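Here the structure is laid out as structure tokens; the discussion comes afterwards.
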Amino acid sequence: MFVVVMFAVITVTVRYFVPPKPPATPPAALHLRPVLKAGPPPCDGTDLPDTENTACYGLDEGMTVGQAVQAKAGALADTDQWVIQVTLNPADAAAFGELTGRLARESSPRNQLAIVIDGKVVSAPVVEEPIPGGEVQISGDFTRETATAYARRLNGES
């Protein structure tokens, strides 16, 4: 009987001292927008700058991924280039495949897809062919730290 009472006290004590989890950070929205025009700064009106403020992009509507299934940073094999791998949910994957298929038929700069996070263009690659399947690899001038930070933002981690 003594052992059972002691166990109950320990359980209550341990639960009492567990700190509460901080409130969850909402994930950053991932905007995938066709490029209408690209040029040097300063940006005009609704044009968006890149992360280094070295280019300005006039963008079409495109699509918004509200929450990625998963986002993670990683280095490409045999290189120092860091990328962000994003897995889309099935509905977003279908829309992304359609969007990239449409862009692949366009000429420059309308064949570029601006990847926008937190109001900045983090990359604007040329789309050469449709990208089905919902696996998006975002490359750019990322360091390990910046790729990890963007992946964490897309996952809703602070």
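All of the numbers you see were taken from the coordinates with simple rules; none came from a lab. None of the values given here were measured: they were computed from a predicted structure. A quick note on method: Cβ atoms are made from the backbone with ideal geometry, for glycine too, and the neighbour counts reach across all protein chains shown.
A compact table of results
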{"quantity": "Sites matching GluC sites (Glu not before Pro) across the stretch 80-158 that sit in DSSP coil, with at most 14 neighbouring C-beta atoms within 10 Å", "calculated": "Glu106, Glu128, Glu157"}
{"quantity": "Taking Arg105, Arg110 and counting other C-beta atoms within 10 Å, the order from fewest to most", "calculated": "Arg105, Arg110"}
{"quantity": "Prolate/oblate/rounded call for the stretch 25-155, Cα gyration tensor, a/c under 1.5 rounded", "calculated": "rounded"}
{"quantity": "Fully extended contour minus Cα-Cα distance, from Glu129 to Glu61, at 0.36 nm per residue", "calculated": "22.5 nm"}
{"quantity": "Relative contact order computed over the stretch 25-155 (Cα-Cα under 8 Å; 6+ residues apart), in percent", "calculated": "32"}
